[in-house]
Amino acid sequence: MNSPTQSAAAALRTRLAEVDEKMAALHSQFEELAEVRRDVVDALASFVYPVLTLPSEITAEIFKHCVGPVGLGMGAGNAPLVLSSVCKDWRRIALDLASIWSDIWLASSSAPNMPSILKSWLPRTGTHPIDVTGLDTRHESINELVPYCEQWRSISCWLELPITGSLNDIRGRIPQLRSLDISYGGGPVESFANSIPLTMFSDAPNLRELSMTDQLPPSSPDMLHLFDLPWEGLTHLSSRVQGLDKVLQLLTRTPNLQSLSISPSSMHPAIVLPPPITLPRLRMLEICHKGAMVCDAIVAPSLKSLQITTPSEELGVPRLLARCESSLRSLSISGIDPPNWRFVLSVLRAAPMIEEAGLSMSSPLQQWRKLFSLIRSEKNFLPKLRVLSLTALAAVEIWNVSTFAEMTEMILERWSSDLDATSPSPGENPSGVQATHKLEAFRLVYSHLPDFSTKMLPNTPVTEWCVETLGILVKDGCKIKIQGLDLTPELSVEEQPSYTLDERYKGRILGGVNRTI
C-alpha cells in the first residue's frame with residue numbers, strides 16, 4: 001500500500017506532465033503564428049503606396065502647401081510634428097524642410113515651457129526666413145528668438161513701454177525684416193517719464209510693411225515720436241493709432257506709401273488741420289468710419305482702389321475723390337445703413353471713372369430700386385462700370401417683382417447699350433462722360449440665408465421675363481451670379497427661346513410686358 005507522500009508526489013508528476021504538454025502545444029502554436037506573421041509582413045512589404053513613390057522634392061512641395069502657421073504651445077498636433085511621425089521617409093523630408101518650421105505663432109507666449117519649446121524648435125528652421133506672430137516682449141520667450149533675429153522676415157509683437165530687456169540687442173541685425181506689426185501700451189503715466197527713443201528697428205533696410213496699434217491709456221503722453229523706424233522705405237501702412245494728430249505724424253514720415261489702412265478704435269480731430277499731405281504713390285486706401293477724418297488731410301493723385309467701412313455723412317470722401325484727378329478705378333463700401341444712403345450716392349457720383357464697385361448694404365427696397373434705376377437710366381452715373389458686386393443682408397430685402405425687374409433692366413441696358421462715348425478732354429467736367437463700358441459682370445450674394453429663389457416671387461409674366469432675360473444674358477457672355485438662382489439650365493432644341501437679346505433690347509425693356517405690380 002502506497003504512503004500518502006508517494007500518492008501526492010505521483011499527482012504532482014502527473015500535473016507537471018500536463019503543463020509540459022500544454023506548453024509544448026502553445027510553443028508549436030506560437031511558431032505557427034510567427035510563420036503566418038512573417039508571411040503577412042512580406043505581403044505588406046510588397047505593396048507600393050502611390051504617395052510614397054513621389055519624388056522627395058514633390059512631397060516637400062506638398063508639405064509646404066499643407067502647413068500653415070504653427071501654433072506653439074498647443075500640444076503635439078502641429079502639422080510638422082504630425083508629418084514627421086508618419087514614416088521614416090516623411091520624417092526625413094519634414095526634418096530637412098526648414099520652411100514648414102519657420103512660420104511660428106506663439107499661442108501662449110507666457111507659458112512656462114515656451115522657452116524650452118522654442119529652444120528645440122528654432123534649430124529646425126535652418127537658415128530659412130522666420131515669421132513670428134504673438135511675440136510678447138515681457139516674457140522670456142524673446143530671449144530664445146533674439147539669436148535668430150537675422151532670419152526674421154515678419155514679426156508681430158507686443159511692446160510694453162518703456163522697453164527693457166534683450167529686444168534692444170537686435171538693432172542692426174535684422175537685414176531680412178520686411179513686415180512689422182507693433183502693438184504698444186504701458187502702465188501708469190509716470191512710467192513714461194524717462195522714456196528714450198525706440199531704435200531697435202531703426203536699421204531694417206528691407207522693411208516695407210508696418211502695422212501700428214496704440215493701446216496706451218487716454219491720459220498717456222504721445223509716445224509715437226519715440227519710434228525710430230526707416231519711415232521713407234515703407235510702402236504699406238496699417239494704422240490703428242488714436243487721434244488724427246498721430247495719424248498725420250505717420251503720414252508725414254511715410255511719403256512713399258502705396259497702400260494705407262486707417263482703422264482706429266477712436267479718432268478725435270486734430271487741433272489744427274495742416275495743409276493736405278500729398279502721397280504721390282498711394283494706390284490703395286482703406287478707411288473705417290472713425291478713420292474718415294484723414295480724407296480731408298491727404299491728396300492721393302494715383303489712388304486706384306478705395307475701401308470704406310461704415311460710411312457716414314461727415315466723411316470727406318467726395319472731397320478726397322475730387323483731388324484724385326479721376327484716377328480711382330475700384331470702390332468698395334460696406335456697412336451701408338439707410339441713414340447714410342444719400343452719402344453713398346454722393347460718393348458714387350464723385351467717382352465717374354470707377355470700373356469695379358462693391359456695395360454691402362442693409363437698405364429698404366426703394367433704395368435698391370433707386371440704385372438700379374440710376375445705373376440704368378443715367379448714362380453719366382458710373383459710366384465706366386464693368387463689374388458690380390452687391391451684398392444684401394438677406395434675400396427678402398431685395399426680392400420683390402418690382403426690384404427684380406429693375407435689376408434685370410439695369411443689367412440688360414448696361415450690357416446691350418451701344419453708345420459712342422468718349423472720355424472727357426483735359427479740363428472738361430468728368431460728369432460729362434458718357435457710358436463707354438459694358439457691365440461685364442454682376443454678382444449678388446447674401447450675408448444671411450435663405451438664398452433667393454424664384455419661388456419667393458409671384459408667378460407673373462414679369463418674373464418669367466426677368467429669369468429668361470438673365471439666362472440669355474449669361475448665354476451672351478455676361479457674367480451674372482445671383483446666390484440661389486441657377487441661370488445656366490440645359491435647354492433642349494425645342495426649349496430654346498425664340499427671341500434674341502438684340503430683339504429684347506430693341507423692344508425697350510420688358511418687351512411690352514405690363515410691369516404694373
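The values are calculated or read from the model by the stated rules, or taken from the named source; none is laboratory data. Everything quoted here is computed from the prediction, not taken from an experiment. Please note: Cβ atoms are built from the backbone with ideal geometry, for glycine as well, and neighbour counts cover all protein chains shown.
Structure above, values below:
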quantity: Options ILE308, ILE354, ILE298, ILE277: the member that is among the β-branched types (Val, Ile, Thr) and under 22 Å from the mean Cα position of the chain (by Cα); calculated: ILE308
quantity: Some residue of region 411-431 being part of a helix (DSSP H, G or I) and modelled with pLDDT under 80; calculated: yes
quantity: Qualifying residues in region 161-177 (those that are surrounded by fewer than 19 Cβ atoms within 10 Å (Cβ to Cβ) and within 28 Å of the chain's Cα centre (by Cα)) - the one nearest to SER238 (Cα to Cα); calculated: GLN176
quantity: Filtered residue count, region 227-246, keeping only those that are more than 17 Å from LEU180 (Cα to Cα) and under 27 Å from the mean Cα position of the chain (by Cα); calculated: 4
quantity: Subset of region 381-397 [modelled with pLDDT under 80 and within 15 Å of ILE480 (Cβ to Cβ)]; calculated: none
quantity: Near pairs, Cβ below 6 angstrom, 6+ apart or cross-chain, from region 289-318 (modelled with pLDDT of 80 or more) to any residue that is assigned to a loop (DSSP other than H, G, I, E, B) and of a type in the set (Ser, Thr, Tyr); calculated: SER302/SER327; LEU303/SER327
quantity: Residue within region 45-55 that is out of contact with any strand residue (DSSP E or B) (no Cβ under 8 Å at 6 or more places or on another chain) and at pLDDT 85 or above present; calculated: yes
quantity: Members of region 120-158 that are within 21 Å of SER110 (Cβ to Cβ) and of a type in the set (D, E, K, R); calculated: ASP131, ASP136, ARG138, GLU140, GLU144
quantity: Selected residue (criterion: nearest to the chain's Cα centre (by Cα)) from residues of region 203-215 that are surrounded by 19 or more Cβ atoms within 10 Å (Cβ to Cβ) and over 20 Å from ALA292 (Cβ atoms); calculated: LEU210
quantity: Scope region 106-133; condition at pLDDT below 90 and either under 16 Å from CYS157 (Cβ atoms) or not small (Gly, Ala, Ser) (or both); matching residues; calculated: LEU106, ALA107, SER108, SER109, SER110, PRO112, ASN113, MET114, PRO115, ILE117
quantity: Out of ARG171, ARG153, ARG124, sole residue that is free of Cβ contacts under 8 Å to residues at least 60 places away in the same chain, over 23 Å from ARG208 (Cα atoms) and not acidic (Asp, Glu); calculated: ARG124
quantity: Residue in region 356-369 that is surrounded by fewer than 19 Cβ atoms within 10 Å (Cβ to Cβ), modelled with pLDDT of 85 or more and among the hydroxyl-bearing types (Ser, Thr, Tyr) present; calculated: yes
quantity: Hits in region 149-190 (condition: modelled with pLDDT of 80 or more and of a type in the set (Gly, Ala, Ser)); calculated: SER154, SER156, GLY172, SER179, SER183, GLY185
quantity: ALA24 exposed (fewer than 12 other Cβ atoms within 10 Å of the Cβ) and either assigned to a helix (DSSP H, G or I) or among the polar types (S, T, N, Q) (or both); calculated: yes
quantity: Region 333-350, subset surrounded by fewer than 17 Cβ atoms within 10 Å (Cβ to Cβ) and in a strand (DSSP E or B), residue modelled with the lowest pLDDT; calculated: GLY335
quantity: Those residues of region 153-174 which are aliphatic (A, V, I, L, M) and not in a strand (DSSP E or B), in sequence order; calculated: ILE163, LEU167, ILE170, ILE174
